[in-house]
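The structure appears right after this line, and notes come after that.
The values are calculated or read from the model by the stated rules, or taken from the named source; none is laboratory data. Worth saying up front: this structure is predicted, and the values here are computed from it rather than measured. Here the Cβ positions follow ideal geometry from the backbone for every residue, glycine too, while neighbour counts run over all protein chains shown. We work out accessible area using only protein heavy atoms, side chains counted, and drop any ligands, DNA or RNA first. Shrake-Rupley method; radii C 1.70, N 1.55, O 1.52, S 1.80 Å.
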Amino acid sequence: MPAVLFVCLGNICRSPTVEGLFRHHVAQAGLGDEFLIDSAGTGDWHAGSPPDPRAIATASRRGVSIVDLRARQITEPDFRRFDLILGMDRQNVANIARLKPADATAEVRLFLDAGLGLNRDVPDPYHEDQTAFETVFDLCDQGAAALLARLRERAG
Ligand code: 4NP
């Protein structure tokens, strides 16, 4: 199975949410040992911090624990270590493409496109209210489940 890195801006709202959900779906499918899964931000402002309390609370209410995750910034080696680097919105994808070194082997894509075939952003909830975090969680859940199904199909 491919190594997958989920990337947003701060690595405290969207990408830790989808990391937790993808890990959850992978574990439920009994594939826990077959995947390298991580998340990162294009920015470094929140490096070392746990996810946003609103993201933690939303995930927790839905049975997914992301409390132990810590934010980090994407690094050059990520572009060789991971097969798939998935940006949560089109701005993330543009920023990732700018950071991509010449010897990168990773494929960079939009998260909802990779899973659901939707050319659509997971909107940044950071300056929004709790409802935005619920919307993000639902989009991440659908996208993560669809991504796993596609990767399993591709792996045969
Ligand atoms: P995320 O949300 O990219 O989903 O983690 C954000 C978190 C922090 C900031 C922006 C977006 N910020 O500007 O600090």
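Annotations
- Relative contact order, whole percent, for the chain stands at 28, derived from Cα pairs under 8 Å and 6 or more residues apart.
- For the range 21-76, alpha-carbon Rg over 2.2 N^0.38 Å: 1.25
- Relative to the Cα centre, the charge distribution of the chain, modelled as +1 at Lys and Arg Cβ and -1 at Asp and Glu Cβ, gives a dipole magnitude of about 160 debye.
- Cα Rg, Dmax (largest Cα-Cα span) when computed across the range 1-42, Å: 10.4, 31
- With the highest mean first, a sort of the peptides 110-117, 123-130 on other beta-carbon atoms found within 10 angstrom per residue produces 110-117, 123-130.
- Note on the range 24-124: dipole from Cβ charges, positive end direction compared against Ala55, Ile37, Gln91; the farthest Cα belongs to Ala55.
- Ellipticity estimate at 222 nm from DSSP helix runs (n ≥ 4, -39,500 (n - 2.57)) divided over the chain, nearest 500: -14000 deg cm²/dmol
- Overall shape of the chain was characterised from the C-alpha gyration tensor. The equivalent ellipsoid obtained from it has semi-axes of 21, 19, 14 Å, in decreasing order.
- Probe 1.4 Å, protein heavy atoms only - accessible area per residue of the range 4-129 in square angstrom: 47 Å²
- Per residue, the convex hull volume that the Cα atoms of the range 78-156 enclose (Å³): 95 Å³
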